[in-house]
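Here, each number is a calculation from the coordinates, and none is a lab measurement. Because the structure is a prediction, the values reported are computed rather than measured. Here the Cβ positions follow ideal geometry from the backbone for every residue, glycine too, while neighbour counts run over all protein chains shown.
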Amino acid sequence: MKDNKEQEAPIIHWRIDEWFPDLSPELRARLKTYHEELIKFNRTVNLISPKTLFVADALHFADSILASQVIYKANSKIDKIFDLGSGNGFPGLIFALLFPQVQVVLIDSDLKKVEFLKHIVSLLKVTNCTVEHKTIESMPDNSMHYVMARGLNTISKAILIARKVVPKGGAFYHLKSEEWGIEVGEIPTQLCSIWAPSLVGEYKLPVGAVKFSVVKTDKIA
């Protein structure tokens, strides 16, 4: 009976080395450190849901890796991108680690989360990534040509919040489930005259059968 607790203790998985052998050993080591710090800080800061803690390698790391690759493959001209409501650093910090030639700015209004992001950016020596403790609305008009978000809000609400900061010709990349079409259908007509949505790409996580999507809204007016 004394072994029951050990048997019942859930395992915190780390399978990135197995799933992404094409990533350099140095990059995979940095991702592992990020994972360890995320687990540690999550005890005091609400960075990820406790339900996803043990499979964070799939639901947060693999998801952000795959989505970042879809975004960059679709637009390799990106030289600077803002992650709005970055919070735990997904996907922005992962994007910065994958593509060191791109400047990435993590924006969040939660001071504790910002402090975590600054800590991890410094620890991992991510020189192409900066963190700003600001609201999206307080950023200068037309200051973000490329932006992305994961879990910020519905597409309608996200583009409404970002309508002043993204200039005409800019683009907003949304990380969504395969139900993204429902959210696009809910975009008000007024916003559709300003933003044009399109599917950039779809992917599946290394575990499970659920599809995920990257949807782009181009600022056309």
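For Q103, the amide hydrogen comes within under 5 Å of the amide hydrogens of K80, I81, counting only partners 5 or more places away or on other chains and with H modelled in the peptide plane. Looking at the chain as a GNM with Cα springs under 10 Å, which of A62, A29, A171 has the largest mean-square fluctuation? In this elastic network of the chain, the residue with the biggest mean-square fluctuation among A62, A29, A171 is A29.
For the chain, the residue among A58, V121, I161 whose Cα projects farthest onto the positive side of the dipole built from Cβ charges is I161. In region 8-219, with Lys and Arg counted as +1 and Asp and Glu as -1 at Cβ, which of these residues, L175, S198, L106, has the Cα nearest the positive end of the dipole, that is, farthest along it? Working it through, the farthest residue towards the positive pole turns out to be L106. Using Rg and Dmax of the Cα atoms in Å as the read-out, say which of (i) 18.6, 56; (ii) 17.1, 48; (iii) 17.8, 67 was calculated from these coordinates. Recomputing Rg and Dmax of the Cα atoms in Å here picks out (iii). For the chain, the Cβ-based charge dipole about the Cα centre amounts to some 360 debye (Lys, Arg positive; Asp, Glu negative; other atoms uncharged). Exposure proxy for R15, R30, R150: other Cβ atoms within 10 Å of each Cβ, ordered fewest to most, give R15, R30, R150. Springs between Cα atoms under 10 Å define the GNM used for the chain, and in it the highest mean-square fluctuation of P167, P140, P206 occurs at P140.
Note on K168, K176: ascending count of other Cβ atoms within 10 Å places them as K168, K176, the fewest first.
Between 0 and 90 degrees, the angle of helix 111-123 with respect to the longest Cα principal axis of the chain falls at about 70 degrees.
In straight-distance terms, cross-link reach from K164 covers every one of the aspartates and glutamates whose alpha-carbon lies under 15 Å from its own, apart from those fewer than eight places away in the same chain; here that gives E137, D141, D218. By other beta-carbon atoms within 10 Å, ranking I220, I155 with the fewest at the front produces I220, I155. Simple point charges give the picture: +1 on the Cβ of Lys and Arg, -1 on the Cβ of Asp and Glu, and for region 51-177 a dipole about the Cα centre of about 220 debye. Sequentially through region 21-32, phi angles give Karplus couplings (6.51, -1.76, 1.60; θ = phi - 60°) of x, 6, 6, 5, x, 5, 5, 5, 5, 5, 5, 5 Hz, Gly and Pro residues having no value and appearing as x.
Give the lysines whose C-alpha is closer than 17 Å to that of K157, dropping any in the same chain fewer than 8 places away, or say none. Answer for K157, where 17 Å is the Cα cut-off: K176, K216, K219, listed by chain and number. Centre-to-centre, using Cα atoms only, region 123-159 and region 54-97 are separated by 12 Å.
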